[in-house]
Structure formats: structure tokens, C-alpha cells
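The values are calculated or read from the model by the stated rules, or taken from the named source; none is laboratory data. All of these numbers come straight from a predicted model, not from anything done at the bench. Cβ placement follows ideal geometry from the backbone for every residue including glycine, while neighbour counts extend to all protein chains displayed.
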Amino acid sequence: MPHNHKRHITAHLPPYTEHVVSVEMGAEQHDAYTEFESLLRSAVLQALACGDRSLLGAMLQSLLAYPDGARRGEVISPPHRRRLDGSPEIVAIAPKLDIALLPKEEKLLEILTEQIARGRKVLLYLEHTGTRDLIPDLVERIGKSGLSALVLRQNTTSAENRETWVKKKLSEGDYSILIVNPRLVETGLDLIEFPTIIFFQCGYSTFTLRQASRRSWRIGQMHPVEIYYLSYSKTMQETALSLMGTKMQVALMVEGDLSDKGLAALAEGDSSMLVHLAKSLIGEEEVQPVSDAWTDLTRLGLAAEGRLDTRESEKETLTIERREHKATVTFERIVRGKVYVRKGYAVGYVDGNKFVFRDGKVMYKERVVAGSYDRNGKGAINGKPFQLISTGSGREYMLVELRATA
């Protein structure tokens with residue numbers, strides 16, 4: 001989709017706000033997870049030393065799943081490794097914990113109650129709806145809190161009828177929440193009835209996350225859209241969420257937009273994320289803090305996907321929340337000047353000062369300043385991020401600063 005067309009569409013959409021919420025585990029849950037992670041880290045190191053990556057997916061899936069499925073426990077048993085008596089070799093066990101309400105479930109109910117009290121329906125995403133099915137647990141706890149949830153599974157109805165099925169069910173019953181695996185609705189559906197979206201689990205597919213998060217931010221949406229990403233603090237869930245934020249930054253910088261093709265190509269498939277997660281597990285790769293990754297993503301997303309008006313600034317908000325702290329960052333998009341294309345270079349005027357843009361460098365008074373830009377017009381001058389956005393003529397661009405304010 002052409003950039004100008006895309007901005008024309010998003011100019012008519014309501015505000016879009018993302019909340020990244022890190023939840024602290026309970027003491028018993030934390031101790032069990034820490035020991036389980038240590039066992040898995042040792043197993044991964046041993047397997048990789050032998051060139052064996054066959055168990056990587058299962059091990060990492062267990063680390064992602066256990067904090068939410070602590071009542072079920074986890075057992076890692078390599079299918080190709082047997083004891084002398086022929087029984088499966090077990091490399092790690094995470095115990096079953098008798099905890100009635102896990103901390104993230106408690107946070108979920110808190111958000112659900114607050115949103116529904118405001119008259120907003122909620123789209124609730126779960127990754128584990130198969131072997132580690134968490135839907136019954138959440139339906140039970142949601143019901144005990146006095147709320148009603150509608151469940152859409154893969155076998156509920158055909159893919160082409162899912163949107164119709166949802167609308168029919170909403171008209172027949174008093175449902176405030178729709179629970180679904182994000183892969184079932186990642187493309188093709190408009191779910192504007194749900195202005196609030198909660199990722200109880202995020203998995204590790206950047207394509208699925210980005211597409212599923214846009215299901216209600218569509219033409220016809222009249223309410224501000226709020227997205228919540230929940231993860232347990234200092235776990236593989238938080239690492240995965242941070243890595244996805246970082247990978248989507250790369251997609252934005254290379255593509256200049258949020259096209260399905262760009263995300264699909266740059267995500268490099270689920271196997272790529274598994275490799276990054278494994279490296280972070282054994283300490284071979286440093287992962288950006290989740291708050292930094294998603295703050296940077298929001299800053300880049302403003303220019304790539306946001307609306308632009310030459311007469312006023314615009315704002316978008318990202319909230320980073322932990323149990324004891326909550327910080328909100330607002331990114332203000334400010335038109336600072338215009339840039340005019342010349343043969344082989346461009347000239348820009350910002351606050352009365354003349355800048356020359358040539359070969360990826362920004363020059364002021366014939367000297368290179370602390371600035372650069374890429375082929376998509378994204379860059380920074382003296383540490384301040386900017387975006388060059390076409391006015392439609394092909395010869396004139398607006399220089400837009402992305403400014404973060406507390």
C-alpha cells in the first residue's frame with residue numbers, strides 16, 4: 001500500500017495506545033521457575049555443545065509456558081534419548097503448584113474489570129489453546145469475577161465465517177470478552193466491537209503479534225484503542241516480548257511501514273526467534289530491556305504508521321508498568337520544517353537554519369553535523385529522531401521530529 005494512502009486512512013482512526021505490563025511472580029512461583037530455568041540452561045548448553053538443537057523449541061516453549069501453567073507443571077523428556085531400561089530420559093521437571101490465582105491472572109482480572117466498567121469490550125489473546133490449554137482456567141476465573149467470556153476456537157466455525165460468528169454471538173448474548181488464539185484472527189477480520197485488546201501471552205511471532213494487535217484499529221472504529229501486553233517480569237516471556245519489539249523496530253526502519261510483507265520477511269520465521277531466545281538463555285546475546293524496546297518501537301511507529309498534520313503536533317502514548325512502578329511516555333510528533341529535493345541532494349530549513357541532506361549525512365554550514373538518515377528518510381540530528389515525509393509532490397518533504405516527553 002502506498003505510504004500516502006496509508007496515512008490518509010490512519011488519519012481517520014482514533015488514538016492508539018499500547019501498555020507493556022510486567023508482572024512480578026509470587027515467591028513459590030518464582031523459586032520453581034528459577035530452578036527450572038537453571039536446569040534447562042544446563043541442558044541447552046550440553047545439547048548445543050554436541051551440535052544438537054532438536055530440543056530447543058520444546059525447552060523454550062516450556063519456559064514461556066510454565067509461569068502461566070504452573071498449576072499443571074512441565075516435564076522435558078527428549079524423544080530421541082532413552083535410559084538403559086528404555087524409558088524416556090527426563091532432563092528437567094517444573095513442579096505443579098497449588099495456587100488458586102496466579103499474579104498475572106489477578107492483573108488480567110483487574111484490567112478486565114476496569115475496561116468493562118468503562119463500557120468497553122475486550123479481545124483477550126491466548127497462545128496456549130492446544131496441548132497446554134489455558135482457556136478453561138481463565139474462563140473459570142473470569143466467571144468467578146462476575147464477567148462473561150465468549151470463546152472462539154479453531155473448530156468453532158470456518159475461517160471465512162469467524163467474523164460473522166462473533167457478531168452473531170454478541171447479538172445473542174451479553175458477552176464482554178472474546179477469548180481466542182491470535183493466529184485465528186491475525187488477518188482478514190475487523191473486530192471493532194473490541195476497542196481493548198489484551199495479549200495475556202505473546203508467543204514469539206512478530207507477524208502474528210503485529211497483525212492481531214490491529215484487529216480493532218480499523219476504519220469504523222469510533223473509540224480509542226488500547227492494547228495491553230502482559231508478561232512475567234524477569235522470565236523468558238519478558239525476553240520474548242523485548243525481542244519482538246526490537247525485531248519490529250528493524251522492520252519499521254527497513255520497510256518504512258508496517259506492511260504484512262515486510263514483517264513476514266523480516267521476522268525470518270519462528271525459528272529465528274527461537275535462536276535468539278536460546279542465545280539469551282545461555283548468555284550469548286544481550287537483550288534490550290522490554291521497556292526500552294517498546295518505547296523505541298512506539299517512537300518509530302509514529303512516523304511509519306501515524307497521521308500527520310502540518311498545522312499541529314500529534315501525540316501517541318506508551319505505558320510501561322510494573323507492580324510497584326508505572327511510567328508513561330508520550331511521543332509528540334512535531335513538524336519542524338521542510339526539505340526540498342535538488343539534483344543529487346536535498347536542502348532543508350529548520351527553525352530558520354539551512355541543512356543539506358546528501359549521501360545519508362546531514363550537513364550544516366558545509367560541515368557534517370551529528371546526524372544521518374537512511375533511504376526511507378528516517379534519522380537523527382544531534383540525537384533527536386526525525387522522519388522525512390513526502391507531501392505528495394515528490395519534490396517536497398516535511399521534517400518531523402519525534403520527541404519523547406515524560
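I'm checking my understanding of the structure. Among residues of the stretch 63-93 that are in contact with a Ser or Thr (Cβ under 7 Å, 6 or more places away or on another chain) and within 16 Å of residue 28 (Cβ to Cβ), which one is modelled with the lowest pLDDT?
Once the filter is applied, the top-ranked residue is 74.
Whether any residue in the stretch 111-125 is touching a Gly at 6+ places or on another chain (Cβ under 8 Å) and within 15 Å of residue 230 (Cβ to Cβ) is what I want to check.
no
For the list (1) small (Gly, Ala, Ser); (2) modelled with pLDDT of 75 or more; (3) within 27 Å of residue 18 (Cα to Cα), I need the number of the one condition that residue 404 fails.
Going through (1) small (Gly, Ala, Ser); (2) modelled with pLDDT of 75 or more; (3) within 27 Å of residue 18 (Cα to Cα) one by one, residue 404 breaks only (2).
So which residues in the stretch 190-209 are buried (at least 20 other Cβ atoms within 10 Å of the Cβ) and either over 16 Å from residue 18 (Cα atoms) or among the β-branched types (Val, Ile, Thr) (or both), if there are any at all?
If the condition is that a residue be buried (at least 20 other Cβ atoms within 10 Å of the Cβ) and either over 16 Å from residue 18 (Cα atoms) or among the β-branched types (Val, Ile, Thr) (or both), then 191, 196, 197, 198, 203, 204, 205, 206, 207, 208 are the ones that fit.
Go through the stretch 126-228 and tell me which helices (runs of 4 or more DSSP H), entirely inside it, have 3 or more residues that are within 21 Å of residue 116 (Cβ to Cβ).
On the way: elements: 135-144, 162-172, 206-212.
Ranges flagged: 135-144, 162-172.
What single numbered condition from (1) assigned to a loop (DSSP other than H, G, I, E, B); (2) under 24 Å from the mean Cα position of the chain (by Cα) fails to hold for residue 72?
Going through (1) assigned to a loop (DSSP other than H, G, I, E, B); (2) under 24 Å from the mean Cα position of the chain (by Cα) one by one, residue 72 breaks only (2).
Suppose we filter 221, 154 for residues that are crowded, with 16+ Cβ neighbours inside 10 Å and assigned by TED's automatic domain parsing to the domain that holds residue 245; which single one remains?
221
For the stretch 90-112, how many residues meet the condition of being over 17 Å from residue 37 (Cβ atoms), β-branched (Val, Ile, Thr) and exposed (fewer than 15 other Cβ atoms within 10 Å of the Cβ)?
Final tally of qualifying residues: 1.
Could you give every pair whose Cβ atoms fall below 6 Å, whose first residue belongs to the stretch 14-38 and is in a strand (DSSP E or B), and whose second residue is hydrophobic (A, V, I, L, M, F, W, C), counting only separations of at least 6 or pairs across chains?
Listed by first residue and then by second, the contacts come to 16/217; 16/225; 18/227; 18/318; 20/294; 20/320; 21/230.
Determine whether residue 212 is touching a Cys at 6+ places or on another chain (Cβ under 8 Å), crowded, with 24+ Cβ neighbours inside 10 Å and assigned by TED's automatic domain parsing to the domain that holds residue 128.
Considered against the rule, which asks whether it is touching a Cys at 6+ places or on another chain (Cβ under 8 Å), crowded, with 24+ Cβ neighbours inside 10 Å and assigned by TED's automatic domain parsing to the domain that holds residue 128, residue 212 comes out as no.
Can you tell me which residues in the stretch 354-372 are at pLDDT 80 or above and surrounded by 12 or more Cβ atoms within 10 Å (Cβ to Cβ)?
If the condition is that a residue be at pLDDT 80 or above and surrounded by 12 or more Cβ atoms within 10 Å (Cβ to Cβ), then 354, 355, 356, 357, 358, 361, 362, 363, 364 are the ones that fit.
Residue 123 - would you say it is part of a strand (DSSP E or B), assigned by TED's automatic domain parsing to the domain that holds residue 235, in contact (Cβ under 8 Å) with a residue 24 or more places away in the chain and over 20 Å from residue 240 (Cβ atoms)? Show your work before the answer.
Details: part of a strand (DSSP E or B): yes; assigned by TED's automatic domain parsing to the domain that holds residue 235: yes; in contact (Cβ under 8 Å) with a residue 24 or more places away in the chain: yes; over 20 Å from residue 240 (Cβ atoms): yes.
Taking the combined requirement at face value, the residue satisfies it.
How many residues, within the stretch 113-129, are over 15 Å from residue 201 (Cα atoms), among the acidic types (Asp, Glu) and surrounded by 18 or more Cβ atoms within 10 Å (Cβ to Cβ)?
So the count comes out to 0.
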